[in-house]
1. Scan the range 139-147 and give yes if some residue there is in a strand (DSSP E or B), without any contact (Cβ under 8 Å) to a residue 60 or more places away in the chain and not acidic (Asp, Glu), otherwise no.
2. Of the numbered conditions (1) on the phi > 0 side of the Ramachandran plot; (2) touching a residue at least 60 places away in the same chain (Cβ under 8 Å), His113 fails exactly one; give the number of that condition.
3. Looking at Ile144, Ile135, Ile151 in this structure, which one is closer than 21 Å to Ser83 by Cβ and hydrophobic (A, V, I, L, M, F, W, C)?
4. Out of the residues in the range 33-54 that are among the hydrophobic types (A, V, I, L, M, F, W, C) and surrounded by 24 or more Cβ atoms within 10 Å (Cβ to Cβ), state the one that is farthest from Thr280 (Cα to Cα).
5. Output the residue which, of all residues in the range 229-287 that are basic (Lys, Arg) and assigned to a helix (DSSP H, G or I), is farthest from Leu126 (Cα to Cα).
6. Filter the range 80-92 for residues that are out of contact with any Phe, Trp or Tyr (no Cβ under 9 Å at 6 or more places or on another chain) and either modelled with pLDDT under 95 or among the hydrophobic types (A, V, I, L, M, F, W, C) (or both) and give the result.
7. Tell me which residues, restricted to the range 171-192, are over 14 Å from the mean Cα position of the chain (by Cα), of a type outside the set (S, T, N, Q) and either in a loop (DSSP other than H, G, I, E, B) or crowded, with 19+ Cβ neighbours inside 10 Å (or both).
8. Go through (1) in contact (Cβ under 8 Å) with a residue 40 or more places away in the chain; (2) farther than 27 Å from Arg5 by Cβ and name the single condition Ile135 misses.
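The values are calculated or read from the model by the stated rules, or taken from the named source; none is laboratory data. These figures come from a predicted structure and were not determined experimentally. Neighbour counts are summed over all protein chains in view; Cβ atoms, including those assigned to glycine, are modelled from backbone coordinates with ideal geometry.
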Amino acid sequence: MTTSRTIAITGANSGIGLRATAQLAAAGHTVLALCRDQERSSAAISAATDNATNVRVIQTDLSSPASIRSAVAEVKAHGTLDSLINNAAIFDLSQKTAAFTAEGNELFWATNHLGPFELTARLSSLLAAAAQPRIVFIASKGLITMPWLQIRCDQPNSATGYSPTKAYYHSKLAQVMTAVSLAERVPSNVGVSCIRVPAVKLDSARLAAQPALMRALYAPKNAAAATPESLAATYVRAATSAEARDAVYIDENDRAVAAPRTARDSAARDRLWALSEHATGDVEWAW
């Protein structure tokens, strides 16, 4: 019998996150669903989850430090936390120019990297108190097409040469690097994973919302893509495994895969960690 765990997951209201929430709740786990729109997320989760009583929705905007602090306070009020899945990310191809948060951080960088970094740090004391903590980050298989990509540590929020694709993969590389660095810092009972997610089959509603040309161009890729349900199962295994895995960077089948070149550079990872700590107010870690 699987031991019930309390698991926080960001971006739990759609796509893989919604499926993972449903699978976790069905297995008897308590799910803290961290989502930007609390009302809409509650409706989506209720519709997709047979055991919605196991799910508590907590309003969380990962681009906002104030929202993160508020969400952390609610999670801590719950009392326990065994696992954290940093699933939420933005990738809006229609955003042709850089947008910035109130703190001056580029939006993709803030939401996809700084937010998960700060959230994980602020929840680390609660996770450290669990018997078998599990921390899951999410990257993209698309990183293999950019083997020489590096973190712009001197100007991570630069709008020069901006494109949504570059901004997205820049933030996803940072997630791999953070996972590798964190895995080196934690004790042996703490499992840290970063899942290399391949192309994902779009929900019919999301596909229908695309322009006709985009639908036609994406159709072959969508037909061959992995289903959100199968990838959600990968999330679930990473968040509930009884044994901490030796491999940090894994594919959708739990197999170890080579991390991007820059993620294997310890000096580059140290620079990113220091940059991220400074950008998030030198938040304290449990490890």
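1. There is at least one residue in the range 139-147 that is in a strand (DSSP E or B), without any contact (Cβ under 8 Å) to a residue 60 or more places away in the chain and not acidic (Asp, Glu).
2. The one condition His113 does not meet is (1).
3. Ile135
4. Looking at the filtered set, the residue picked out is Ile45.
5. Kept after step one, since they are basic (Lys, Arg), are these residues of the range 229-287: 237, 245, 255, 261, 264, 269, 271.
Right, trim to assigned to a helix (DSSP H, G or I) and you get 237, 261, 264, 269, 271.
Values: Arg237: 21, Arg261: 32, Arg264: 29, Arg269: 25, Arg271: 26 Å.
Of everything passing the filter in the range 229-287, Arg261 is farthest from Leu126 (Cα to Cα).
6. Leu81, Leu84, Ala88
7. Val180, Leu182, Ala183, Val186, Pro187, Val190, Gly191
8. The failed condition is (2).
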